[in-house]
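Nothing in this text is a laboratory measurement; each read-out follows from the coordinates by a stated rule. Since we're looking at a predicted model, the values are computed, not measured. A quick note on method: Cβ atoms are made from the backbone with ideal geometry, for glycine too, and the neighbour counts reach across all protein chains shown.
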């Protein structure tokens, strides 16, 4: 199974700043996903990132707030822009297969906003 | 994705079997049933998946009802490390939509 590393594992940021989260996979994958997990809640998909194309965002998430890069088949970044206290969450990346294959997750980035 | 219904919480004793139920009455014929779990302070971890037949792996067993409208994740001997939130998720076969839609899951507490 794929091994996923996320950086940073946690951060505390000031309001109005931005944070870029990195996701590195130990093998080439076609699809990468970014999720948000708000305190005490389940995971919500932010966007799907395919190499060589624009990310596909879910309803309620926009590119200006959550720009994503996918420069190659082993790496992606998620930026959370113009941070506010409501952005305090865990952000997770995952790599996926087809419906008959498991998805594998990183351990997430815990973001707190002062 | 079709919806699933799980109990909010369940409790078990260490070294006893645990049966975690999931209802998915609107499942389509090509939906796979996936189970993930999330231990404290970790990302979700794949547990098992199946389509029609019961499945076994080193972590758990998955029992699927004959009409596929429900399934049960079976942990044969619960350990303290199995305390986690367990998610039952349906994944549509085919197409290009590989995302996972998480519900609230079942919080499993394991008592020593």
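Just so you know, the Rg over Rh for the protein assembly as shown is 0.98, from Cα atoms, with Rh as the Kirkwood radius. A full extension of the chain between residue A:65 and residue A:81 corresponds to an added length of 5.2 nm, given 0.36 nm per residue minus the alpha carbon distance. Expressed to the nearest 5 percent, the antiparallel share of DSSP beta bridges inside the protein assembly as shown is 90 percent. Between residue A:44 and residue B:66, the modelled labels are 4.2 nm apart [label points 7 Å from Cα along Cα→Cβ]. Here the range A:51-114 and the range B:10-87 have alpha carbon centers that stand 26 Å from each other. Given the Cα atoms of the range A:53-102, and with Rh set as the inverse mean 1/r over their pairs in the Kirkwood sense, what is Rg to Rh to two decimals? Expressed as Rg/Rh, it is 1.00.
Considering only Cα atoms, the convex hull volume of the range B:21-112 works out to 103 Å³ per residue. Going from the residue with the fewest nearby Cβ atoms within 10 Å to the one with the most, B:79, B:106 rank B:79, B:106.
For q values of 0.14, 0.19 Å⁻¹, compute log₁₀ I(q)/I(0) with the Debye formula on a Cα-only model of chain A, without solvent. Evaluating at q = 0.14, 0.19 Å⁻¹ gives log10 I(q)/I(0) of -0.51, -0.96.
Among A:105-112, A:17-24, B:23-30, sorting by the average number of other beta carbon atoms lying within 10 angstrom of each residue, highest first, gives A:105-112, A:17-24, B:23-30.
As a proxy for reagent exposure, A:93, B:22 were ordered by neighbouring Cβ count within 10 angstrom, fewest first; the result is B:22, A:93. Using a cutoff of 8 angstrom between alpha carbon atoms and counting only pairs six or more residues apart, the relative contact order for chain A works out to 37 percent. Report the residues of the range A:71-114 in range of a label on residue B:107: point 7 Å along Cα→C-beta, backbone N strictly under 18 Å from it. Residues passing the 18 Å test: A:90. Listed by Cβ neighbour count within 10 Å, with the fewest neighbours leading, A:76, A:98 appear as A:98, A:76. Extending 7 Å from the Cα toward the beta-carbon at both residue B:77 and residue A:101 defines two label points whose distance is 3.4 nm.
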